[in-house]
Each structure stands twice: as C-alpha cells, then as structure tokens.
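Enquirer: Supplied in structure tokens, the structure appears directly below.
The values are calculated or read from the model by the stated rules, or taken from the named source; none is laboratory data. None of these values were measured; they are calculated from a predicted model. Virtual Cβ from ideal backbone geometry, glycine too; neighbours counted across all protein chains shown. Quick note on the areas: whole protein, heavy atoms, side chains included, nothing else; ligands and nucleic acids left out. Shrake-Rupley method; radii C 1.70, N 1.55, O 1.52, S 1.80 Å.
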Amino acid sequence: MAVRKIIRMGHPALRRPARDVAREDLGTAALHRLVADMIDTLHDYGGIGLAAPQINEGIRLAVVEIPGSPTRYGQLTEQPLTICVNPRVEVLDAATEGHWEGCLSVPGLRGYVERPRGIHVSFVNLRGEEQRIAAHGFLATVFQHEFDHLDGKLYIDHIDDPHKLVFEEEYARYVLPLEEPTPK
Ligand code: NI
C-alpha cells in the first residue's frame, strides 16, 4: 500500500474518459493493490472521495468515505468506505441542490455547483456483486462529483456563475458565514 500522487487540473489524464474495469480483473492482486493505494491516498490527503483517474489510472473506479469526524467540508453525515467499480447513476429527483465543492485535483479552491439532489448509484464491488445505493443531498453530490472524473469532467465544468469559484481561505472568510449550516 502506498500514498500516490494526485494529479492536478491541467494534467491531460484528468480530461480523458476512463475505461471499464474488466470482470476478470476484479479479483486480481493488482486491482486490490490499486484500491488499497487509493484508500491510503484519500486518507493522506484528507479527502472524502477519490477517482482512479486522479492518480493517473484510467479505469472506472472510485472510492467514497465520509468519516463521522469533521472533514474539510465540516461535519457531514457519515458514509462508510464505498468502493465503486463501473458505477452508473440514475437520477431519482432531478430537482437540483447546490453545494460548495472542492477537489483534490483542484487544490485550494471551492466552487458552487448545482446537481440533481436524489440519485441511485449502481456499481459492482471487488467481489463482483451488484450494489445499489440511494443518495440524497450532499452525498448525491459527492458520488456525482467522483463519477464525473471517470468521464474526464471536473466540478468547475458545472459552475454557472464564475463569481462562485473562490479560494478556500476566502470561502471560509466571506462565504461560509453567510451559508446555511452544513447539511446533516
Ligand atoms: Ni474531484
């Protein structure tokens, strides 16, 4: 296991669509090692989600884990470590909800993005079992943000109002005091 370098906006690999993970690769030591590296990297950088393209691995794999303790997004509803292979999103509730997103590949910035507020997430786990999760609110945003990486997209692509792309320090100083309490 190892902490891997997260590539940043401007690296062309972040803009390439990733390829499906082949079913026969699910049980392999190489894939398990890669997942272990992603988890180590997520923890080391203090994030809540990481997609394989962010460590320059062009496959459809993402991990999400929201700890019960405060995160870089404040105190959030806990989501246990979830390893998503070949995920798909189905919109349950197309009404949008906006959140201030950040990205380990776009360090130092926050941007306000509106996305569908209710989704079903389908994927296979490392044992090849089909999984399905309903996600609402901020968690729905986290999954959509991570899966965007698998299509070569970044959250900044969804920012409608460029005034709502700010540095983290200025976010904490000028935006956060005006925001509603963090979603629970
Ligand atoms: Ni990201």
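Enquirer: Within the range 39-51, take every residue that is part of a helix (DSSP H, G or I) and open to solvent by 10 Å² or more (accessible area, probe 1.4 Å) and give me the one that is nearest to the ligand (Cβ to nearest atom).
Expert: Only one residue tops the list, namely 45.
One line per residue, one yes/no per condition, for (1) at pLDDT below 95; (2) on the phi > 0 side of the Ramachandran plot; (3) within 16 Å of the ligand (Cβ to nearest atom):
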{"site": "129", "(1), (2), (3)": "no, no, no"}
{"site": "141", "(1), (2), (3)": "no, no, yes"}
{"site": "146", "(1), (2), (3)": "no, no, yes"}
{"site": "150", "(1), (2), (3)": "no, no, yes"}
{"site": "170", "(1), (2), (3)": "no, no, no"}
{"site": "173", "(1), (2), (3)": "no, no, no"}
{"site": "176", "(1), (2), (3)": "yes, no, no"}
{"site": "179", "(1), (2), (3)": "yes, no, no"}
{"site": "183", "(1), (2), (3)": "yes, no, no"}
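Enquirer: Scan 116, 87, 107 and give me the residue that is open to solvent by 30 Å² or more (accessible area, probe 1.4 Å) and either modelled with pLDDT under 95 or touching a Lys or Arg at 6+ places or on another chain (Cβ under 9 Å) (or both).
Expert: Every option except 107 fails the conditions.
Enquirer: Return the pairs, sorted by first residue and then second, in which the second residue is outside any helix (DSSP H, G or I) and more than 9 Å from the ligand (Cβ to nearest atom), the first residue lies in the range 140-163 and is within 16 Å of residue 12 (Cβ to Cβ) and of a type in the set (Asp, Glu), the beta carbons are less than 8 Å apart, and the residues are 6+ apart or on different chains.
Expert: 151/17; 151/18
Enquirer: Next up: Out of 13, 95, 36, which single residue is more than 16 Å from the ligand (Cβ to nearest atom) and part of a helix (DSSP H, G or I)? Give the derivation first.
Expert: On the way: 13 fails: more than 16 Å from the ligand (Cβ to nearest atom); 95 fails: part of a helix (DSSP H, G or I).
Checking each option against the conditions leaves just 36.
Enquirer: Scan the range 52-74 for residues that are surrounded by 15 or more Cβ atoms within 10 Å (Cβ to Cβ) and touching a Ser or Thr at 6+ places or on another chain (Cβ under 8 Å) and report the count.
Expert: So the answer is 7.
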